[in-house]
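One structure below.
The values are calculated or read from the model by the stated rules, or taken from the named source; none is laboratory data. Nothing here was measured: the structure is a model prediction, and the numbers come from that model. Every residue, glycine among them, receives a Cβ derived from its backbone with ideal geometry; neighbour counts consider all protein chains shown. We work out accessible area using only protein heavy atoms, side chains counted, and drop any ligands, DNA or RNA first. Shrake-Rupley method; radii C 1.70, N 1.55, O 1.52, S 1.80 Å.
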Amino acid sequence: LLERLDHVLEVLNKYPEAVVGITGYADHWTGTPKWNMTLSERRANAVAKRLIEAGIDESRITKDWKGSEENPFETPELNRVSVIVTK
C-alpha cells in the first residue's frame, strides 16, 4: 500500500491542481455492518492522513466510506481502500 501511496503522492505533486478521492471499504466477512462502516471510515481517514502528512493540502482530498455495502473487487484483500486522482 505504501508504494501505491507514494505513486499517488508523485502524481499529486506533479499536478498541483489535481484532487484525490478516497473511499474506504470492508468486506462482509470482517464484522457487523456497523463495525464495517467504522472500519471503512478509519481506512479512508488513515490514507488521507498519510497524504496530508506528506504535504498534500486537505482541500484537495475528499473522503467517503461504504462499509460492506459495496465491494468493487472480487477478493477481500482488494476491498480496503480505493484512491482516485482527478483533475
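Sorted largest first by accessible area at a 1.4 angstrom probe radius, with every protein chain in place, the residues 63, 49 fall in the order 49, 63.
In the elastic network of the chain, a GNM with C-alpha springs shorter than 10 Å, the most mobile of 13, 71, 45 is 13. The computed percent of Cα pairs over 17 Å apart for the structure shown corresponds, within [x] 61; [y] 45; [z] 50, to [y]. On a per residue basis, the chain carries 66 Å² of accessible surface, using protein heavy atoms and a 1.4 Å probe. Applying both filters, DSSP loop and at most 15 other Cβ atoms within 10 Å, to the chymotrypsin sites (Phe, Trp or Tyr not before Pro) of segment 18-87 gives 29, 73. Computed on protein heavy atoms with a 1.4 Å probe, the accessible areas place 59, 82 in the order 59, 82, largest first. Residues 10, 70, ordered by accessible area of protein heavy atoms at a 1.4 angstrom probe radius and largest first, appear as 10, 70. With contacts taken as Cα pairs under 8 Å at a separation of at least 6 residues, the chain carries a relative contact order of 44 percent.
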